[in-house]
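Asks: Take this structure first; my questions come after.
The values are calculated or read from the model by the stated rules, or taken from the named source; none is laboratory data. No experiment lies behind these values; they were computed from the predicted model shown. Note that each Cβ is placed from the backbone with ideal geometry, even for glycine, and that neighbours are counted across all protein chains shown. Areas reflect the complete protein model, heavy atoms only, side chains present, ligands, DNA and RNA absent. Shrake-Rupley method; radii C 1.70, N 1.55, O 1.52, S 1.80 Å.
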Amino acid sequence: MARNEPSVLVRRTRHVDDVPVVGWREWLGLPTLGIKAKIDTGARTSAIHAYNVQRFTERGAPHVSFVVRPEQRRNDPAISCSAEVRDERLVRSSSGHQEQRYIVEIPASLGGHIWPIEVSLADRDPLGFRMLLGREAVRRRFLVDPDRSFLIGRCFADISNVITRKGKPR
């Protein structure tokens, strides 16, 4: 170590006292359903298992209709949904496979927090979790403890009538 260098390395950290801690899996509230989600800080965008995805136009804007099966290894319930398309992106899976996916924005609820998240619609049927909550969704909202699960519990707000900034129900 050179003479002018300090003997102790000082790291700059952000104040995190008010940031809730979540486990690597949590119950997440989405409009009209609760779903077990894997908190995946390696994934940029959140993803949900969706099938029968159909694109349509409403009031000149692209939309998609799709069906969600929120429970792992079960076909029921099957919940029909629709949302405005925010984007279409080329997404790379953890196995390296790339595919074009629709991106929609939906409100999410976890631990009393309600916020909009971007979600890609994907075939997650063979995977362990029907929902991934990616790092963009948890950034600056939660700290993730990878050794623990379900720290928040199964309580989430009713967000079925959350209003967007444009004044439309989601």
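Asks: For the range 61-141, report the accessible area per residue in Å² (1.4 Å probe, heavy atoms, rounded to an integer). Spell out each step's value before the answer.
Replies: Numbers: 4290 Å² over 81 residues.
Spelled out: the 1.4 Å probe surface of the range 61-141, per residue, equals 53 Å².
Asks: Hey, can you grab everything whose amide H is under 5 Å from the amide H of Val21? Only 5+ residues off in sequence or another chain; H modelled, so Pro and N-termini drop out.
Replies: Distant-sequence amide H within range of Val21: Leu143.
Asks: I've got another one for you. Which FRET efficiency value, to the nearest 0.05, do you get for Val19 and Glu84 by plugging their Cβ-Cβ distance into 1/(1 + (r/R0)^6) with R0 = 30 Å?
Replies: On the way: r = 30 Å, r/R0 = 1.01.
The pair Val19/Glu84 has a calculated efficiency of 0.50.
Asks: Using θ = phi - 60° and the Karplus relation 6.51 cos²θ - 1.76 cosθ + 1.60, list the HN-Hα couplings for the range 29-44 in order, rounded to whole Hz, with x at every Gly or Pro.
Replies: For the range 29-44, the Karplus curve yields x, 10, x, 6, 7, x, 9, 6, 10, 8, 7, 10, 6, x, 9, 5 Hz.
Asks: What figure, in Å² to the nearest 10, do you get for the accessible area of His63 with a 1.4 Å probe and non-protein molecules left out?
Replies: 20
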